[in-house]
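> Got a structure for you, written out below as structure tokens; questions coming shortly.
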Amino acid sequence: MKKLALHWKILIGMLLGVIAGLALSQFDSGKTFIIDWVKPVGTIFIKLLKLIAIPLIIASLIKGISDLKDIAKFSRMGLRTIIIYIMTTIIAITIGLTLVNIVQPGNSISEETVQQLNEAYNTSATKRFDSAQDQKAKGPLQFVVDMVPDNIFSASSNNRNMLQVIFFVILFGISLLLVEEKKSKPLKDFFDSLNDVIMKMIDLIMLMAPYAVFALLASLIAETTNPDVFAALAMYSLTVIAGLLCMIGVYLLIVTIYVGKSPSFFLKGISPAQLLAFSTSSSAATLPVTMERVEEHLGVDKEVTSFVCPVGATINMDGTSLYQAVAAVFICQAMNFELSLTAQLSIVLTATLASIGSAAVPGAGMVMLVAILEALNVPKEVLMVGLALIFAVDRPLDMLRTTINVSGDAAVSMVVGKSVGKLRDPKPKHWDDHYEG
Ligand code: ASP
């Protein structure tokens, strides 16, 4: 009998999770049950995915670079990747700004609702504001300085330092290429084999995915406090969602026209990663799955995937930048803070930088939103109320924007793969061994 494909299993898990969450959170004991007994399954799964992220980047990037056999190829690919990433981000922000100006969601919200949301969410908003202040107080080149580690062991001991690890690994991979073949071979063989073992670990972790998404969604629903605010913020949320859907359209167009693959090929290949991005709200946690899908199901060679995907997970966040543009303008509209055309255009630059600076973890986009609002000279009081305003719907929007962030990384990987002649017909060999008979 043909077994169900992975994305169906995950979807069923998500659906059952929502149903169980809704049913059990009608009673206090049901909520406690979900939080005590179901949530840990989701937490363990996210921890396992994060556990694998740094070793995966090390093994696959070193293998990827050393397979290239030529540094010029690597720099050509690197430059293209960064340029395409910036271009998709600018498209996303432009879509967000256009939609928020057409729909004007901030003008449909009453003073009274602003007041109520502010009272309900001010404390949580203050926390995000404070984390943003910690990130500030640094010079403009600080992010480049931060990219260079001074100790590889401490860098790899924290998943937030992914860019530092990538920096070290690129330097290592390039040096490996420069060393005489006879001398580099043992190390290359070691990393090849490490890479295979880590891929197998991902296979094993993914066996848990359908149950884990059940747990993640059920506990998310059990922990949601006040569903009424969703209605008040409906116009704002719909604007963000419409923008995100447009971005999916942009990716499908690029994949069809430039790469020459059908939309269903792309969506079928990447859907398990999208579903996990939705359930975990973290591109970093989804990275192992994104890489596996792009390589084995979308047919992009390891040399490309191993560089483009981890870099994308950390710096390319189209969904986040679109959301940040919409949210910034929405807050200004709702708080009657006039924004000139130049101020709106400056958002293109600040949101690009903010999305590069946003960590690939839940809620990071909202922290960086503070920087965008500050660059617009929004006074602190307005800013605090503004953050409180959008806080209630941030999690569901985070789930959706993370899905777009991951889809963008996959689409760009295909574009880069095609442009350097590293796209082939995919030969799935990992999870489908388990999932499809
Ligand atoms: N959660 C997002 C991600 O991991 C970042 C954000 O927008 O908050 O991609």
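> Scanning region 301-323 for residues that are part of a helix (DSSP H, G or I) and within 8 Å of the ligand (Cβ to nearest atom), which turns out farthest from Lys50 (Cα to Cα)?
Tyr323
> Suppose we filter Val259, Val250, Val240 for residues that are crowded, with 24+ Cβ neighbours inside 10 Å and of a type in the set (A, V, I, L, M); which single one remains?
Only one candidate passes the filter, namely Val240.
> Would you say Ile58 is part of a helix (DSSP H, G or I), at pLDDT 95 or above and not aromatic (Phe, Trp, Tyr)?
Answer is no for this residue.
> In this structure, does Val361 turn out to be within 16 Å of the ligand (Cβ to nearest atom), farther than 17 Å from Leu99 by Cβ, surrounded by fewer than 24 Cβ atoms within 10 Å (Cβ to Cβ) and among the β-branched types (Val, Ile, Thr)?
yes
> Does Ala20 qualify as being in a helix (DSSP H, G or I) and over 28 Å from Ile152 (Cα atoms)?
Here the answer is yes, as Ala20 does meet what is asked.
Conditions tested, residue by residue: (1) buried (at least 16 other Cβ atoms within 10 Å of the Cβ); (2) modelled with pLDDT under 90.
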residue: Leu141; (1), (2): no, yes
residue: Ala155; (1), (2): yes, no
residue: Phe167; (1), (2): yes, no
residue: Phe172; (1), (2): yes, no
residue: Glu181; (1), (2): no, yes
residue: Ser184; (1), (2): no, no
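> Do any residues in region 273-287 that are farther than 16 Å from Thr320 by Cα have Cβ atoms under 7 Å from those of residues that are within 10 Å of the ligand (Cβ to nearest atom) and assigned to a helix (DSSP H, G or I), where the two are at least six apart or on different chains, and which pairs are they?
Ala273/Thr286; Ala273/Val406; Leu276/Thr286; Leu287/Ala313
> If you don't mind, another one. Is region 224-234 home to any residue that is among the polar types (S, T, N, Q), within 18 Å of the chain's Cα centre (by Cα) and surrounded by fewer than 16 Cβ atoms within 10 Å (Cβ to Cβ)?
Among the residues of region 224-234, not one is among the polar types (S, T, N, Q), within 18 Å of the chain's Cα centre (by Cα) and surrounded by fewer than 16 Cβ atoms within 10 Å (Cβ to Cβ), which makes the answer no.
> Is there a residue in region 282-295 that is among the hydroxyl-bearing types (Ser, Thr, Tyr), buried (at least 24 other Cβ atoms within 10 Å of the Cβ), modelled with pLDDT under 95 and more than 11 Å from the ligand (Cβ to nearest atom)?
No, region 282-295 contains no residue that is among the hydroxyl-bearing types (Ser, Thr, Tyr), buried (at least 24 other Cβ atoms within 10 Å of the Cβ), modelled with pLDDT under 95 and more than 11 Å from the ligand (Cβ to nearest atom).
> While we're looking at this one, here's another question. Does Ala354 satisfy being at pLDDT below 90, hydrophobic (A, V, I, L, M, F, W, C) and touching a helix residue (DSSP H, G or I) at 6+ places or on another chain (Cβ under 9 Å)?
Considered against the rule, which asks whether it is at pLDDT below 90, hydrophobic (A, V, I, L, M, F, W, C) and touching a helix residue (DSSP H, G or I) at 6+ places or on another chain (Cβ under 9 Å), Ala354 comes out as yes.
> Can I ask one more? Please give the number of the condition Pro210 fails out of (1) assigned to a helix (DSSP H, G or I); (2) closer than 19 Å to Phe307 by Cβ; (3) touching a helix residue (DSSP H, G or I) at 6+ places or on another chain (Cβ under 8 Å).
The single condition Pro210 does not satisfy is (2).
> Is there a residue being closer than 19 Å to Arg424 by Cβ, surrounded by fewer than 24 Cβ atoms within 10 Å (Cβ to Cβ) and of a type in the set (D, E, K, R) anywhere in region 262-280?
Checking region 262-280: at least one residue is closer than 19 Å to Arg424 by Cβ, surrounded by fewer than 24 Cβ atoms within 10 Å (Cβ to Cβ) and of a type in the set (D, E, K, R).
> Among the listed residues Ala359, Ala371, Ala354, Ala327, identify the single one that is within 17 Å of Arg128 (Cβ to Cβ), in contact (Cβ under 8 Å) with a residue 24 or more places away in the chain and part of a loop (DSSP other than H, G, I, E, B).
Only one candidate passes the filter, namely Ala359.
> Could you identify the single residue in Leu339, Leu298 that is part of a loop (DSSP other than H, G, I, E, B), more than 16 Å from the ligand (Cβ to nearest atom) and either of a type in the set (Ser, Thr, Tyr) or closer than 30 Å to Asp425 by Cβ (or both)?
Leu298
> Can I ask one more? Has region 369-384 got at least one residue that is under 22 Å from the mean Cα position of the chain (by Cα), away from the ligand (no atom under 12 Å from the Cβ), surrounded by fewer than 17 Cβ atoms within 10 Å (Cβ to Cβ) and under 21 Å from Gly319 (Cβ atoms)?
no
> Do we find that Lys69 is loosely packed, with under 14 Cβ neighbours inside 10 Å, on the phi > 0 side of the Ramachandran plot and not hydrophobic (A, V, I, L, M, F, W, C) in this structure?
yes
The values are calculated or read from the model by the stated rules, or taken from the named source; none is laboratory data. Quantities reported herein were computed from a predicted structural model and do not represent experimental measurements. Using ideal geometry, Cβ is built from the backbone for each residue, glycine included, and neighbour counts are taken over all protein chains shown.
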